[in-house]
Amino acid sequence: MAELLVDFITSLDGHASGEGWPGFWGLEGPEYLAWLGEQPEATYLMGANTYRLMSGFAAGGVPSGQDEFRPEEEASVDELTRASKVVFSSSLEEPLTWANSRLVRGDAGGAVRAMKARGPGLLSTIGSLSLCRSLLRAGLVDRFRVVMFPVITGATGEERIYDGYPDVALEMIGHRTFDGRIQLVEYQPRVLEHPPLGVPA
């Protein structure tokens, strides 16, 4: 069976991006970039908004406020272009123009459940906050990974990640610090129907 990873990069206060900030908040370092380059091959899952944004970058667009991509940002977009991608949307039309992208309409949970059953392999989300939330609610997420960058974007932060989430218990299965400042935490998630009655011993 394939494994589903929900994967976020965030500011410390839980924003996925910030107005006027470059990718990775401009704080990526050599250890973190090397680790990114070592990640296993995955099929990436995304919604329409993330697809429009990332395919625009692949077609030559750059983030607002930047004149051009930095080399590490360009490498990240190139890697995504080469990867297999599944886009869940009722508003996009076929054919999708970004290479190696497949459009799926209808119930994302059912489609991902079927993809997992066809495994093995790795399915990984990119961005797509509402898609990630729905997959978590459906009990389909095997690993929940967050890389936190050392910045608080209280004034400029956008895309608050955890709004609308259910209560979730997280069992830590990994952690790491990159470049002395970037913190990775990785968990197995379990959606809770109600708060626990007691604190685990």
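The values are calculated or read from the model by the stated rules, or taken from the named source; none is laboratory data. Please read all numbers here as calculations on a predicted model, not as lab measurements. No Cβ is skipped: glycine too gets one built from the backbone with ideal geometry, and neighbour counts run over all protein chains shown. Each accessible area value is taken on the protein alone, full model and side chains, heavy atoms only, with ligands, DNA and RNA left out. Shrake-Rupley method; radii C 1.70, N 1.55, O 1.52, S 1.80 Å.
Between a residue in the range 160-181 that is without any contact (Cβ under 8 Å) to a residue 60 or more places away in the chain and any residue that is among the basic types (Lys, Arg), which pairs come within a Cβ distance under 7 Å, given they are 6 or more apart or on different chains?
Correct list of pairs: Gly164/Arg133; Tyr165/Arg133; Pro166/Arg137; Val168/Arg190; Ala169/Arg190.
Would you mind finding the one in Ala117, Ala155 that is of a type in the set (A, V, I, L, M), open to solvent by 20 Å² or more (accessible area, probe 1.4 Å) and free of Cβ contacts under 8 Å to residues at least 40 places away in the same chain?
Going through Ala117, Ala155 in turn, just one is of a type in the set (A, V, I, L, M), open to solvent by 20 Å² or more (accessible area, probe 1.4 Å) and free of Cβ contacts under 8 Å to residues at least 40 places away in the same chain: Ala155.
So which residues in the range 8-28 are surrounded by 19 or more Cβ atoms within 10 Å (Cβ to Cβ) and among the charged types (D, E, K, R)?
Across the range 8-28, the qualifying residue is only Glu28.
Take the conditions farther than 30 Å from Pro189 by Cα, among the small types (Gly, Ala, Ser) and surrounded by fewer than 19 Cβ atoms within 10 Å (Cβ to Cβ) and apply them to Gly56. Does it pass?
yes
If you scan the range 12-62, which residues turn out to be at positive phi and either in contact with a His (Cβ under 9 Å, 6 or more places away or on another chain) or assigned to a strand (DSSP E or B) (or both)?
none
Report yes if Val146 is farther than 25 Å from Ile182 by Cα, within 17 Å of the chain's Cα centre (by Cα), surrounded by 15 or more Cβ atoms within 10 Å (Cβ to Cβ) and β-branched (Val, Ile, Thr), otherwise no.
No, not satisfied.
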